[in-house]
Amino acid sequence: MYIDKYGFFAGDDLVFIDAAQYCDISVLDAIYKYLKLDAERCHVIRGLSESHEKLIAFWGMLSHGLKQDEFYTWQYRGRPIRLGEIPPLPLDMQKPMPDTGKEIVVDIKLEIRDDGIYILTNLPDKYQFYGKINDKISVRNIIVKDGNAKISLSDNTIDVQSVDLYSVLATVSGVDISIVGDRCRNLIGQYVKFNPINGNSIEFHYKK
C-alpha cells in the first residue's frame, strides 16, 4: 500500500516512520531493529555495525526527501519526524590519508576535436569514466591508457558545450590498487570527491 501510493523508496521510508511513531521510538532505531530482527529470522549474519546501518539509512532518507526546517526539526516530505541520534562516522568510513610518497594530484585536460573528445590525464591505466555530453548524451567505457582516453563522436556536427565525467569504482574497472590505494586513497586534488561508503572518486566538469 505504501509503495503503491508513495513510490518504492518513499513508501519504504514511510513504513518505518509510521512504525516508529506507533512504537514511540526514533525512526533510525526502528530501521535498525527491523534489520537486526530480519537478519535473525533469516539466519543471516550482518557484517555492519549499528552505526553503519543507521548512517546508510540516514543518507538514503536524505536523498528521498528528508530535510531540516529553520528550527532544525527533521521533516520527511513536510512531515515532522523523530529521526533519532545520527552516529559519528566510524573509522573505516572516514576520509583516508594517502600512502606516503604515493600521492597523485589528479590532472585532467580536454581537447575537443572534430572526431572526438580527447582526455589527457595522469591517472593510471584502466582508470575508467562514464558521463554526459551537453547534459543529454550518455557516454561510458572511457578507459585511460598511457595517460590518454577518448570519447568518440559519431556525429562530428555536435557542438560540445559541456562534458561531465565520473569515475567507475576502481574495484570494478580493474585499475592497479597498489597505485591508487585502497578506496583510491592516493588520489588528491580539486577533482577528487570523497564518499564514506566508496572512498575517493573523480568528478570533472567542463563548460564551454
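The values are calculated or read from the model by the stated rules, or taken from the named source; none is laboratory data. None of these values were measured; they are calculated from a predicted model. Ideal geometry is used to build each Cβ from the backbone, glycine not excepted, and the neighbour counts take in all protein chains shown.
Computed quantities for the displayed model
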item	result
Of the criteria (1) surrounded by 15 or more Cβ atoms within 10 Å (Cβ to Cβ); (2) touching a Gly at 6+ places or on another chain (Cβ under 8 Å); (3) modelled with pLDDT under 95, which one ARG185 fails	(3)
All positions within the range 143-182 that are in contact with a Gly (Cβ under 7 Å, 6 or more places away or on another chain) and within 30 Å of MET93 (Cβ to Cβ)	ASP164, LEU165, TYR166
Residues satisfying the stated conditions in the range 100-110, i.e. surrounded by 14 or more Cβ atoms within 10 Å (Cβ to Cβ) and over 14 Å from HIS205 (Cα atoms)	GLU103, ILE104
Close pairs (7 angstrom Cβ cut-off, 6 or more residues apart or separate chains): among the basic types (Lys, Arg) in the range 1-21, surrounded by 14 or more Cβ atoms within 10 Å (Cβ to Cβ) anywhere	LYS5/GLY11
So GLN94, is it closer than 21 Å to ASN195 by Cα and of a type in the set (S, T, N, Q)	yes
Count - residues of the range 111-153 that are among the small types (Gly, Ala, Ser), surrounded by fewer than 17 Cβ atoms within 10 Å (Cβ to Cβ) and at pLDDT 95 or above	1
Condition broken by VAL172, with the remaining ones in (1) surrounded by 17 or more Cβ atoms within 10 Å (Cβ to Cβ); (2) of a type in the set (Val, Ile, Thr); (3) under 24 Å from TRP59 (Cβ atoms) satisfied	(1)
Matching residues, the range 157-189, being in contact (Cβ under 8 Å) with a residue 60 or more places away in the chain and within 26 Å of ASN134 (Cα to Cα)	GLY189
Selection from the range 77-99 of residues that are buried (at least 16 other Cβ atoms within 10 Å of the Cβ) and not in a loop (DSSP other than H, G, I, E, B)	MET93
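Matching residues to (1) of a type outside the set (D, E, K, R); (2) not in a loop (DSSP other than H, G, I, E, B):
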position	(1), (2)
ALA39	yes, yes
SER51	yes, yes
LYS54	no, yes
HIS64	yes, no
LYS67	no, yes
GLN75	yes, yes
ILE112	yes, yes
